[in-house]
Amino acid sequence: MYYKNDTIIIREFTPQEFYLFSELFENENVTRYLPYKTPEEYKEMYDKALADYHEGPFSRWAIFDVQNNDFVGMCLARIFLDNPDQLEIGYTLSESYWGKGLGTQVCKALVEYCFSLNQQKDIVALTDLDNIGSQKVLTKTGFRRIDNLIREDRELAYFVL
C-alpha cells in the first residue's frame, strides 16, 4: 500500500517509527472510542503490521502530512474478523488533524486500495456508537449504515460499501 495526494502520504511504517505509533494512542481523546489496549498490545500490533508487509496485501500503515512530513495517524485494511467474506478498513488520526477532511481522504484511499485487490468482497467499517465524526466520514465516503454489530460486550455502528 502506497498512496499520495496533495495532502497526505500513506505508506508502510519503518521499524524505527514505533514511537510515532505508540504516541498516537497515548492521547485519551484519540483512544476515547477505541477498545482499551496495554502498551504491550500496541507493540504486538505494531510488530504484526511490520510482519504483514511481507505476507501480502493487508496491514496497518502510517499517514503523513505531505507539506511538513508530520505524522498524521495510522490506517488499516484487513479481512473482517466477524465475517471473512468482507474487508474492513479503519483509521486513527492525531487530534491535531481532526476536522480537516483527512479522514475522508484516508477512507477514499483505503476503499480504492481494497477495490484494486479484486477481492470481490464488501468493504465494511465499524465505529463506536458515539463517534459521530467518523460516522459522518464513512457516510460521506459512500458507506451506508446497517444494523449495529454486537461484539462481546460492545455494540458498534456497522457500515458497508
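Just so it is clear, none of the values below were taken in a lab; they were calculated from the coordinates. Treat the numbers as computed from the prediction; the structure is a model and nothing was measured. Glycine also receives a Cβ, built like all others from the backbone with ideal geometry; neighbour counts cover every protein chain displayed.
A compact table of results
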item	result
For peptides 54-63, 75-84, 147-156, sequence by mean Cβ density within 10 Å, most packed first	54-63, 75-84, 147-156
Neighbour-limited loop hits for trypsin sites (Lys or Arg not before Pro), region 1-59 (at most 11 other Cβ within 10 Å; DSSP other than H, G, I, E, B)	Arg32
Residues of type lysines that Lys136 reaches as a straight line, Cα spacing below 27 Å, ignoring anything fewer than 8 places off in the same chain	Lys4, Lys37, Lys100, Lys108, Lys121
HN-Hα J in Hz across region 144-152 - Karplus 6.51, -1.76, 1.60, θ = phi - 60°, x for Gly and Pro	10, 7, 10, 3, 4, 9, 9, 10, 6
Sorted by Cβ density within 10 Å, fewest first, the residues Leu50, Leu129	Leu129, Leu50
Values of log10 I(q)/I(0), in the order q = 0.25 Å⁻¹, for region 32-85 under a Debye, Cα-only, solvent-free model	-1.16
From the C-alpha gyration tensor of region 67-152, square roots of 5λ in Å	22, 17, 12
At most 15 other Cβ within 10 Å, DSSP loop - chymotrypsin sites (Phe, Trp or Tyr not before Pro), region 88-161	Trp98
Rg(Cα)/(2.2 N^0.38 Å) for the chain, N = residue count	0.98
Convex hull of region 69-109 built on C-alpha atoms - directionally averaged projected area, nm²	3.4
For Asn27, residues with placed amide H under 5 Å, excluding near neighbours	none
